[in-house]
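Novice: Below are the structure tokens for one structure; questions will follow.
The values are calculated or read from the model by the stated rules, or taken from the named source; none is laboratory data. Note that the structure is predicted; figures quoted are calculated from it, not measured. Positions of Cβ are generated from backbone atoms using ideal geometry, with glycine treated the same way; all protein chains shown enter the neighbour counts. Each accessible area value is taken on the protein alone, full model and side chains, heavy atoms only, with ligands, DNA and RNA left out. Shrake-Rupley method; radii C 1.70, N 1.55, O 1.52, S 1.80 Å.
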Amino acid sequence: MASTGDNEEEYHSSPEEAEEGGGDDVDRMSFRSASNESDNDAGADDDCTYGDSDSNDDCTYGDSDSDDGLYDEYEEEGLEEVDDEGGILDEMRFTATQYAVLTMDELRARQEEHTARVADLIALPPALAAAVLRHFKWSAQGVWERWFSDERKVRNAVGLREDGSALSMAVNDATLTCYICFEVQGPGEMRSAGCAHFYCRGCWSGYVRTAVGDGVRCLSIRCPDMACSAAVVRDLVDDVADAKDAKRYGEFLVRSYVEESKRLRWCPAAGCDRAVEFDGEKCTVQLDAWCACGHGFCLACGEEAHRPVSCDTVRVWMEKNRSDSETAQWVLANTKHCPECRRPIEKNHGCMHMTCSPPCKHQFCWLCLGPWEKHDGGNFYNCNRYNEAWAEGKYTEEELRRSQAKVSVDRYLHYYERWAAHERSRQKALEDVAALGKDGSQREAVAAAFGVVETELDFLEEAFRQVAECRRMLRWTYAFGYNLDDPAKRDLFEDLQSQADKSLELLHECAEKDRKDLVAEAAGVRGAVADKYLEFRPKLSSLTAVARNHFENMARAFRDGLAEVEVDPAVAARRAAAVPPPLPKDDDDDHRFDDLRM
């Protein structure tokens, strides 16, 4: 449900085709279930689109007249004009307007409100309206379109009476015999699911207990009579089941509301029972959502937050990490086949004399794969001779295959190691956020060392939050780079990645190393670093803003498909020559850079 202020809630979900298959015939005491499969459509893997920004303080690439474009941007930011409310907090506030984080109590209230609206619409009790809503994946729009176009068909599919009755439960008004236990029951002692088949409370309780024990299928059970398809709904369950079973049934109903809805997702963090609701139709583009527990994930694909790369890139990368193909690639890169039986062999000793395992027992040379008899006893030995065929690129099929496999493994490891390393650094930054945040273990000590009140350290917490977000973004760029095949775009991508990485390292070093150095210097001498603190704070705030702008610029470039970003020719030339960038030659630039580095 999408709330529109004071207006009525709008329902955007498209109708789903109802499944009309009935439950299989089972024994009388085993519960009967109607077919009602969950919607398993995965979120689309389209790239996320973000609004353009015309902010004047955005970083630009390729406009510098010198090789120190990165350093010029520090001057553009200005050390004194930094918005302490910017950075990752602003980004989270903006995206938070597109979704809502709901607790279990809020989910139940939202579900009851949703059900009440539809109950009024189709003139049914809330329990029966909930059964109709669940049949249409909790889509009010689907109920609207299908109920008023063919109400009879919907009633048959859900298990409602065709005569228009709105009974969710009936009580016997005469003495009857329970056809499960065959005991005679007086008036008011038996219940039915709105149909003519009455059973005693004890049999109903056992029936519901069996159904609840089977999981979420309990939401689809029907009347125990094999010839009846009347739906067993919440009103009847609450009346006949014990407190434990009724509670579990209610929990399954809330789970159904989240898991079968197109607009809701559970937070995937361990131990978190909150859900996130998208404000609109089903989320089909990358959109990072942040739960109240602090975990971020994508509403479209359910993976961890991965801006600025697309859901498709993440899916391919994660499949690569989970696949067994790398094991096969390692075997190709680190083993050789016995020339006789073709069994793969790994060399685990220093000697080049190899003997294949039984029953082959072929002896050969590890270097040239030739028979060992040609190397032993002073016979012709050609392993030390340069092979002209290699120089001319004339590899054997096996040699070529092994060489290509080794290159493939090395390339994968290059990206994976950096992907994993940035995640480790991100976790460390999050630990620093917790330690320096409100009620953090280090906040009081750092404030005392700097000679300030604790409230003045918010800029330090914000810096580490920005570091954590930048680490996360930079981490996923390596997944993108692994799957990037266009050479022209690769140059643009690596230039953006390099500059963002450089600004991030300056920020992280200042927040971590410079801060610790100042605290250590102030140990035992209160107020000794007051002047240095006055320099440290604007410097760190400025570096935070610079890193933020670099990464936002990189995210916009990803959004645009790396199509309109210009690379400074000097930067491209340095990259091609694989030499480190020179320091600025202008004296003023030197002094400015030194000031920033302290």
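Novice: What's the total number of residues in segment 173-213 that are touching a Ser or Thr at 6+ places or on another chain (Cβ under 8 Å), surrounded by fewer than 18 Cβ atoms within 10 Å (Cβ to Cβ) and either at positive phi or without any contact (Cβ under 8 Å) to a residue 60 or more places away in the chain (or both)?
Specialist: So the count comes out to 4.
Novice: While we're on this one: In the list 300, 289, which residue meets the criterion of being assigned to a strand (DSSP E or B), in contact with a Gly (Cβ under 9 Å, 6 or more places away or on another chain) and surrounded by 16 or more Cβ atoms within 10 Å (Cβ to Cβ)?
Specialist: Numbers: 300 fails: assigned to a strand (DSSP E or B).
Of 300, 289, the one residue that is assigned to a strand (DSSP E or B), in contact with a Gly (Cβ under 9 Å, 6 or more places away or on another chain) and surrounded by 16 or more Cβ atoms within 10 Å (Cβ to Cβ) is 289.
Novice: Could you identify the single residue in 134, 161 that is open to solvent by 50 Å² or more (accessible area, probe 1.4 Å) and of a type outside the set (S, T, N, Q)? Talk me through it step by step, then tell me what you get.
Specialist: Values: 134 fails: open to solvent by 50 Å² or more (accessible area, probe 1.4 Å).
Just one listed residue meets the conditions, 161.
Novice: Could you grab me the full set of residues in segment 214-224 that are in a loop (DSSP other than H, G, I, E, B) and without any contact (Cβ under 8 Å) to a residue 60 or more places away in the chain?
Specialist: Filtering segment 214-224 for residues in a loop (DSSP other than H, G, I, E, B) gives 214-215, 223-224.
Listed by number, the list holds a single entry, 215.
Novice: Follow-up. Hey, any hits in segment 254-269 for a residue that's among the basic types (Lys, Arg), buried (at least 18 other Cβ atoms within 10 Å of the Cβ) and in a strand (DSSP E or B)? Steps first, please.
Specialist: As a first pass, look at segment 254-269 and keep what is among the basic types (Lys, Arg): 255, 262-263, 265.
Still in the list and also buried (at least 18 other Cβ atoms within 10 Å of the Cβ): 262-263, 265.
Next, from what is left, pick out any that are in a strand (DSSP E or B): 265.
Yes, segment 254-269 has at least one match.
Per-residue answers, yes or no, for (1) among the charged types (D, E, K, R); (2) in contact with a Ser or Thr (Cβ under 8 Å, 6 or more places away or on another chain); (3) at pLDDT below 85:
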{"position": "297", "(1), (2), (3)": "no, no, no"}
{"position": "300", "(1), (2), (3)": "no, yes, no"}
{"position": "312", "(1), (2), (3)": "yes, no, no"}
{"position": "316", "(1), (2), (3)": "no, no, no"}
{"position": "325", "(1), (2), (3)": "no, no, yes"}
{"position": "330", "(1), (2), (3)": "no, no, yes"}
{"position": "334", "(1), (2), (3)": "no, no, yes"}
{"position": "341", "(1), (2), (3)": "no, no, yes"}
{"position": "346", "(1), (2), (3)": "yes, yes, yes"}
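Novice: Name the single residue, out of those in segment 233-253 being in contact with a Lys or Arg (Cβ under 8 Å, 6 or more places away or on another chain) and assigned to a loop (DSSP other than H, G, I, E, B), that is surrounded by the most Cβ atoms within 10 Å (Cβ to Cβ). Talk me through it step by step, then tell me what you get.
Specialist: Going through segment 233-253, the residues in contact with a Lys or Arg (Cβ under 8 Å, 6 or more places away or on another chain) turn out to be 236, 239-242, 245, 249-250, 253.
Subsequent filtering for residues that are assigned to a loop (DSSP other than H, G, I, E, B) retains 241-242.
Working: 241: 23, 242: 10.
So, considering only residues that are in contact with a Lys or Arg (Cβ under 8 Å, 6 or more places away or on another chain) and assigned to a loop (DSSP other than H, G, I, E, B), the one surrounded by the most Cβ atoms within 10 Å (Cβ to Cβ) is 241.
Novice: Just the residues that are open to solvent by 50 Å² or more (accessible area, probe 1.4 Å) and assigned to a helix (DSSP H, G or I), please, taken from segment 443-463. First the steps, then the outcome.
Specialist: Residues of segment 443-463 that are open to solvent by 50 Å² or more (accessible area, probe 1.4 Å), as a first pass: 444-445, 453-456, 458.
The answer is 444, 445, 454, 455, 456, 458.
Novice: Please list, ordered by first then second residue, the pairs with beta carbon atoms under 8 Å, 6 or more apart or interchain, first in segment 273-287 and more than 19 Å from residue 110 (Cα to Cα), second of a type in the set (Val, Ile, Thr).
Specialist: From residues that are more than 19 Å from residue 110 (Cα to Cα), the pairs are 285/49; 286/309; 287/95.
Novice: Take residue 108 and decide whether it is in contact (Cβ under 8 Å) with a residue 24 or more places away in the chain, in a helix (DSSP H, G or I) and open to solvent by less than 20 Å² (accessible area, probe 1.4 Å).
Specialist: Working: in contact (Cβ under 8 Å) with a residue 24 or more places away in the chain: yes; in a helix (DSSP H, G or I): yes; open to solvent by less than 20 Å² (accessible area, probe 1.4 Å): no.
Criteria not met by residue 108.
Novice: In addition: Do the conditions hold for residue 240, that is, is it among the aliphatic types (A, V, I, L, M) and within 22 Å of residue 137 (Cα to Cα)?
Specialist: The answer is no for residue 240.
Novice: Taking segment 214-232 as the region of interest, how many residues are more than 37 Å from the chain's Cα centre (by Cα), more than 19 Å from residue 126 (Cβ to Cβ) and open to solvent by less than 20 Å² (accessible area, probe 1.4 Å)?
Specialist: Summing the residues that are more than 37 Å from the chain's Cα centre (by Cα), more than 19 Å from residue 126 (Cβ to Cβ) and open to solvent by less than 20 Å² (accessible area, probe 1.4 Å) in segment 214-232 gives 3.
Novice: If you don't mind, another one. Could you tell me which numbered condition residue 511 fails, if it satisfies all but one of (1) at pLDDT 90 or above; (2) of a type outside the set (Val, Ile, Thr); (3) open to solvent by 10 Å² or more (accessible area, probe 1.4 Å); (4) over 14 Å from residue 420 (Cα atoms)?
Specialist: Just one mismatch for residue 511, condition (3).
Novice: Here are the criteria: (1) touching a Phe, Trp or Tyr at 6+ places or on another chain (Cβ under 9 Å); (2) assigned to a helix (DSSP H, G or I); (3) modelled with pLDDT of 70 or more. Tell me which single one residue 562 does not satisfy.
Specialist: All conditions pass for residue 562, except number (2).
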